[in-house]
Amino acid sequence: MVRLFWRRKRTLYICFALVGSIFLFFQFHSNVPSAVVHTMPKPVDRLKGGERIEDHVPHAPPPVHQPEAVQKMKQHDENIPPVALPVLPAPQSIIEKMNLTPQYPPEKSTADSVGPGEGGKAYSVNRDKLGEDQVKFDQGWQDNAFNQYASDKISVRRYLPDYREGACLTQNFHPDLPQAAVVICFHNEAWSALLRSVHSVMDNAPSHLLKEIILVDDFSDRPYLKEPLEEYMSRYPIVKIVRAKQREGLIRARMMGVRSSTAEVLVFLDSHIECTKGWLEPLLDRIRESETNVVVPIIEVISDKTLQYNNARAGSVQVGGFDWSLIFHWHSPPKRDKERPGAPYSPLRTPTMAGGLFAISRAFFKRLGYYDEGMEVWGGENLELSFKVWMCGGQLETIICSHIGHIFRSRSPYKWESKFSSPLRRNTARLAEAVLGPYAKFYHSQTGSQKIDFGDVSERKAVLERLKCHSFDWYLKNVYPEFFVPTDSVAHGDIESEAGPHCIDSPLKGNGKVIVGMWPCHKEGGNQYWLMSKLGEIRRDNKCWDAGIEAGRVALFDCHGVRGNQHFVYTSNNEIKHGERCVTLSEDNKSLTMEYCSNSARQRWKFDRSPLILTD
């Protein structure tokens, strides 16, 4: 029993000793704070009165007395240099990686801003002083057919003055204008030009009237128009980018924009334009008055070389016309329109529109059958819509109080791929067959395209029949009576020399004065197609032969209708006379001169005198 008692008593002592050791161990380590230092909240720096102070961390324990051994250990740790953790740079945006300019939207310029192109002023670049940048300068011209180098130096939100004048400055608009969808199609457009177009739309229009901006990418292959454009435009919820899966051309690309938009009014703009202050309201106000009003702003010239903005005065605005090749032309408005009520600030009737910039009610556009999507690339769609607007109960107007600038290029920088050899000729042939009726004869006489494959136009004709539209004859007599109609001619066709197969040939446009010359006859109309009017004018469209421009030569000049230097006589002897001189083929068969009449074969010409008669 005694042995058992001592055995249990010894076990009890061992337990007491073990518990006491554990108690002393935890009591000692409770005085060492290193295990909790790294979990304390870090003091926060803040500014007070311009000086940096530290916020005290709430509930932090007070300093404690540390044993000597612990202090020595801590001093040893502090002498060890800290491990340098790698600092990773902030990830670059794709715009920064591609070094695009600008990389983010700049501040909108003001009248006090100083910089290239501000105020619409010219920014001239001396290529010879660019050094290594000459390559960049040349590439910009090659890619865009305008001075991209200058465009990149000018702010995409540059300041332009208020170009409105007179009554436009005090114009009142209806308080409940319809909202607009702006559709901008582009293909490989310059970064700065495209951004400037979009910013000018937003910066100069009331936000409540601008429902959406649809950017239609017609299969661009330049990388900056992909992810970088998405990144840049992501700042603007109203901007939507729609991308074609193949090259569609302007006509079908615009229809993609129409189908992707919802606003009541559609505004079509090019991708190298600049809208100015107050551009949108007058367009919408006119459409609110009648949804059959199709409206065009004053389209002003932005220099392709310096990006100078050249505004047009209200009294100098031109209107649209066309020729029998169905190509658009500008011309001065007739006297009856110049003297309209409210001139020069009231809306101005125009027979046709250029087609790059205009606004139309979505409902009316739909009723007219939209664009002809059987057309390729671009060209002809503007005249088709112009004719249908007038013939089907609408009115086409230039709105004097709306100003938009456009970079006019001397060439297209893009290569068009089409299964048709001449998309423009095919488009105009479709237009002639669908809209002109018997007047299509004059188109074919001038273009020589009777055999071209223009496809099926029955659907386009059906639109005119369904809407019970007026005829093209009505259009010529009521909308464009100034237009010369070939039925008024006394001779027509090519003018061939009796001395050999050479025909009188001339383009309508050229650098400086256009001198009428000679070329081997090709019997395809075009530059060799002429009409002789009852006034004795030998003309094509609105250009007439003129014997007073250069001595001894025949040049082309605007027809003025008062005879004089533009009066010629086609004699019974087949001579073409002006006064005492006859039109003469040169000895080398390459030029045309005015010589005294001598009954030479070189002064006799074959010119069809048969009347041009319209037949259904």
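The values are calculated or read from the model by the stated rules, or taken from the named source; none is laboratory data. Here the structure is a predicted model, which means the values were calculated and not measured. Using ideal geometry, Cβ is built from the backbone for each residue, glycine included, and neighbour counts are taken over all protein chains shown.
Structure notes:
Every residue, every condition in (1) surrounded by fewer than 20 Cβ atoms within 10 Å (Cβ to Cβ); (2) in a strand (DSSP E or B); (3) not polar (S, T, N, Q), yes or no:
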{"position": "E300", "(1), (2), (3)": "no, yes, yes"}
{"position": "L307", "(1), (2), (3)": "no, no, yes"}
{"position": "A312", "(1), (2), (3)": "yes, no, yes"}
{"position": "W330", "(1), (2), (3)": "yes, yes, yes"}
{"position": "R336", "(1), (2), (3)": "yes, no, yes"}
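- Scanning region 174-215 for residues that are free of Cβ contacts under 8 Å to residues at least 60 places away in the same chain and within 11 Å of the chain's Cα centre (by Cα) yields a count of 2.
- Summed over region 427-449, the residues that are among the β-branched types (V, I, T) and out of contact with any Ser or Thr (no Cβ under 9 Å at 6 or more places or on another chain) give a count of 1.
- Filtered residue count, region 387-417, keeping only those that are outside any strand (DSSP E or B) and touching a helix residue (DSSP H, G or I) at 6+ places or on another chain (Cβ under 6 Å): 4
- Counting only helices (runs of 4 or more DSSP H) that fall entirely inside region 437-480 and contain at least 3 residues that are in contact (Cβ under 8 Å) with a residue 40 or more places away in the chain and surrounded by 16 or more Cβ atoms within 10 Å (Cβ to Cβ), the qualifying elements are 440-447, 458-466.
- Matching entry among L326, L385, L348 (being closer than 23 Å to R259 by Cβ, of a type in the set (A, V, I, L, M) and not assigned by TED's automatic domain parsing to the domain that holds N527): L385
- Residues within region 560-608 that are small (G, A, S) and part of a loop (DSSP other than H, G, I, E, B), tallied: 6
- S598 vs. criteria out of contact with any helix residue (DSSP H, G or I) (no Cβ under 9 Å at 6 or more places or on another chain), farther than 26 Å from K335 by Cβ and modelled with pLDDT of 90 or more: yes
- Unique match (being assigned to a helix (DSSP H, G or I), out of contact with any Cys (no Cβ under 9 Å at 6 or more places or on another chain) and modelled with pLDDT of 95 or more) among A363, A429: A363
- Test result for N542, polar (S, T, N, Q), under 29 Å from G437 (Cβ atoms), surrounded by 13 or more Cβ atoms within 10 Å (Cβ to Cβ) and not assigned by TED's automatic domain parsing to the domain that holds R425: yes
- Subset of region 366-383 [of a type in the set (D, E, K, R) and modelled with pLDDT of 95 or more]: K366, R367, E381
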